[in-house]
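Below is one structure, written out as structure tokens; comments come after it.
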Amino acid sequence: ATDKQMLNSSGPVEQKKYLCATENGEGLIDHRVLKQKKNLKSFFARYKTLQWTSSYALPDFPYDVKCILAEKKCPDHSMRIRIIEFLQADMTKYLEGSLYPNSQQYNIVVNALLQAYPFLDEDGNGFLLWKRALKDRFKYVRRPIEDDEQVLRNKCKFGHRRGQTRKSSFAENKCDDVQVQVEEEPVHREGSAMGVHIKWLKQEYMKTQRNWKEVDDRMNVTIEIRRKMIRNKAPLKDILRLFPFLRCPYQLFREFQLLTHMDIYKKTVEILEIYSENILSLYVVRNNPINIMLQENLKRHTEEDILKYMKMTAACLLLPDVFGDDSSLFAAVNEEVKVVTPVLEVKNPFNVNSCEFALYVEREELAQLDDCTMALAALVAAFHVFDIPCPKRIHRTLNFLESLVFEVRSP
């Protein structure tokens with residue numbers, strides 16, 4: 001029905017291009033040709049998100065997967081991989097061959113999975129675990145591809161060297177291990193077992209398919225070494241070199257939970273859902289550029305999920321202005337990061353298909369994040385995990401957030 005509407009709304013020349021470009025001699029759709037038609041790119045973008053939210057259905061899983069799910073058993077590692085493989089293949093079909101889903105589409109698929117099979121939401125962290133596994137699967141599929149225009153363009157954009165093999169990357173990592181071995185010696189005084197754990201974590205971080213349960217266990221075992229390094233003000237680069245999984249938002253949140261016994265991501269979701277409408281209604285933010293940008297974008301969408309996402313994003317970015325703090329110490333929106341303390345880099349915050357969130361510490365990117373909720377949680381967690389003093393010009397904003405996270409009264 002959507003295809004028919006698009007054809008009717010376009011002129012005869014556009015219709016001809018559309019029909020010719022998508023069918024080969026056998027009458028089958030050639031998705032590679034379809035992707036390369038730049039003049040149709042924006043044409044489909046308007047409908048893509050709405051199609052996903054209204055029509056996405058889980059794929060028909062194989063018989064053995066169905067049996068496990070029917071018995072409501074938590075799948076083992078190999079079964080989880082099979083589920084993820086089928087979800088990835090199904091998403092690629094919905095994306096018309098593209099291997100780059102946006103954050104909203106990942107969310108829709110994982111939500112559909114957990115709604116159909118609630119027992120997969122292990123300890124309340126299932127959403128993040130399945131989403132991360134799905135993203136890793138797409139990265140794994142994209143890695144060997146060298147003849148796809150979209151993949152090559154994105155590889156160049158993010159600094160990947162064309163033709164670089166997995167072997168060379170691993171060899172470079174082994175060289176790094178040799179170089180830093182002497183520097184790591186003092187950290188391992190408590191026993192060679194710690195050195196084995198750290199070496200395993202560094203090697204596992206380089207893999208595409210990671211054993212996350214083993215990662216969790218080894219991060220638990222090595223937490224005392226990390227805390228000692230952080231208390232002794234070791235350089236952040238040294239900490240991340242030994243424990244690179246702190247770059248993963250999930251491990252950053254998990255480290256915060258080990259230290260405080262609080263689920264920072266869950267709390268942040270609650271904060272933004274409760275306070276976003278109140279923040280946006282305040283007089284002090286009425287003429288703020290972020291709020292003006294929000295109002296312009298709200299007019300372009302009617303989908304409830306998208307409107308809620310935009311409002312929560314705006315409320316997050318407006319927090320420093322509500323408390324009279326310096327917003328440049330909180331987030332750099334469509335501009336370069338200039339501060340050394342933890343800060344968010346945000347690009348195209350209200351564009352569902354191209355928004356980007358990243359956490360920076362000491363002007364270096366620490367982690368890429370999926371949305372404003374994860375970004376805000378990562379910002380608060382970074383101050384605690386790396387024991388970084390809060391700047392005075394952002395103190396009131398972070399004090400407000402921490403009082404809600406820790407459920408304490410705040411002046």
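Taking segment 69-97 only, how many residues are within 13 Å of residue 133 (Cβ to Cβ) and among the acidic types (Asp, Glu)?
Count: 1.
Filter segment 305-349 for residues that are among the aromatic types (Phe, Trp, Tyr) and open to solvent by less than 10 Å² (accessible area, probe 1.4 Å) and give the result.
Passing the criteria: only 330.
With respect to residue 66, is the statement that it is open to solvent by 60 Å² or more (accessible area, probe 1.4 Å), in contact with a Phe, Trp or Tyr (Cβ under 9 Å, 6 or more places away or on another chain) and farther than 22 Å from residue 209 by Cβ true?
no
Looking at this structure, is residue 99 open to solvent by less than 60 Å² (accessible area, probe 1.4 Å) and modelled with pLDDT of 85 or more?
no
Residue-wise test of (1) open to solvent by less than 30 Å² (accessible area, probe 1.4 Å); (2) under 20 Å from residue 212 (Cβ atoms).
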{"residue": "75", "(1), (2)": "yes, yes"}
{"residue": "81", "(1), (2)": "no, yes"}
{"residue": "110", "(1), (2)": "yes, yes"}
{"residue": "115", "(1), (2)": "no, no"}
{"residue": "120", "(1), (2)": "yes, yes"}
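Which residue pairs have Cβ atoms under 9 Å apart, sit 6 or more places apart or on different chains, and have a first residue in segment 113-125 that is farther than 17 Å from residue 87 by Cα and a second that is modelled with pLDDT of 85 or more and of a type in the set (Ser, Thr, Tyr)?
125/250; 125/265
Is segment 109-128 home to any residue that is outside any helix (DSSP H, G or I) and in contact with an Asp or Glu (Cβ under 9 Å, 6 or more places away or on another chain)?
Yes: segment 109-128 contains one or more residues that are outside any helix (DSSP H, G or I) and in contact with an Asp or Glu (Cβ under 9 Å, 6 or more places away or on another chain).
Could you check segment 350-378 and list, in sequence order, the residues that are open to solvent by 20 Å² or more (accessible area, probe 1.4 Å), hydroxyl-bearing (Ser, Thr, Tyr) and not in a loop (DSSP other than H, G, I, E, B)?
360
Report the residue count in segment 283-301 for those that are under 29 Å from residue 393 (Cα atoms) and not in a loop (DSSP other than H, G, I, E, B).
10
Please count how many residues of segment 302-330 are outside any helix (DSSP H, G or I), on the phi < 0 side of the Ramachandran plot and in contact (Cβ under 8 Å) with a residue 40 or more places away in the chain.
5
Of everything in segment 270-285, what is within 12 Å of residue 315 (Cα to Cα) and not hydroxyl-bearing (Ser, Thr, Tyr)? Give them in sequence order.
271, 272, 273, 274, 277, 278, 279, 280, 282, 285
Can you tell me how many residues within segment 122-143 are more than 23 Å from residue 264 (Cα to Cα) and open to solvent by 60 Å² or more (accessible area, probe 1.4 Å)?
Selection size over segment 122-143: 3.
At pLDDT below 90 and open to solvent by less than 60 Å² (accessible area, probe 1.4 Å): is that true of residue 297 in this structure?
Taking the combined requirement at face value, the residue satisfies it.
The values are calculated or read from the model by the stated rules, or taken from the named source; none is laboratory data. Everything numeric in this text was worked out from a predicted model, so none of it was measured. Here Cβ is always computed from backbone atoms with ideal geometry, including for glycine, and neighbour counts include all displayed protein chains. What goes into the accessible areas is simple: the full protein's heavy atoms, side chains included, and nothing from ligands, DNA or RNA. Shrake-Rupley method; radii C 1.70, N 1.55, O 1.52, S 1.80 Å.
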